[in-house]
Amino acid sequence: MARAFVGVRECRVTVDRDLGETWAVTIHPPPVNGVPSAPLVVKLMGNDRETVTRGALEILQKAGRIDRFEL
C-alpha cells in the first residue's frame, strides 16, 4: 500500500477506479489538533493501479503538496 508524507505526518493513500480508465488517487491527511484536514485528490487516466498511483504521487510531490511518498 502506498504512503504519502506531509512533513513527518503519514497520510493514508486510496486509489479507486472511476468510470472506464479513470482513477481517483486520494491522500487522507491525519487530523491536526483534532481538526480534520481536507483530502487531496488527483484524477488520472491509466490502465493499471500501480502506474496511476505513482503518477499521482509524483504530481503532488512536484506541486509541493506532499514531501515524499513510498510505494
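Just checking, how many residues over segment 1-37 are outside any strand (DSSP E or B), touching a strand residue (DSSP E or B) at 6+ places or on another chain (Cβ under 9 Å), among the polar types (S, T, N, Q) and surrounded by fewer than 14 Cβ atoms within 10 Å (Cβ to Cβ)? Residues meeting the conditions: 0. Restricted to segment 38-58, and to residues there that are of a type outside the set (Val, Ile, Thr), part of a helix (DSSP H, G or I) and touching a strand residue (DSSP E or B) at 6+ places or on another chain (Cβ under 7 Å), the residue that is nearest to Leu71 (Cα to Cα) is Leu57.
Go over the candidates Val13, Val8, Val52, Val42 one by one and state the one that is in contact with a Leu (Cβ under 8 Å, 6 or more places away or on another chain) and free of Cβ contacts under 8 Å to residues at least 24 places away in the same chain. Don't jump to the end; show me each part of the working.
Values: Val13 fails: free of Cβ contacts under 8 Å to residues at least 24 places away in the same chain; Val8 fails: in contact with a Leu (Cβ under 8 Å, 6 or more places away or on another chain); Val52 fails: free of Cβ contacts under 8 Å to residues at least 24 places away in the same chain.
Testing whether each residue is in contact with a Leu (Cβ under 8 Å, 6 or more places away or on another chain) and free of Cβ contacts under 8 Å to residues at least 24 places away in the same chain leaves just Val42.
Taking segment 18-48, which residues are of a type in the set (D, E, K, R) and modelled with pLDDT of 90 or more? Once the filter is applied, which keeps residues that are of a type in the set (D, E, K, R) and modelled with pLDDT of 90 or more, segment 18-48 yields only Lys43.
The values are calculated or read from the model by the stated rules, or taken from the named source; none is laboratory data. Note that the coordinates shown come from a computational prediction; the quantities given were computed from them, not determined experimentally. Note that we place each Cβ from the backbone using ideal geometry, even for glycine, and neighbour counts take in every protein chain shown.
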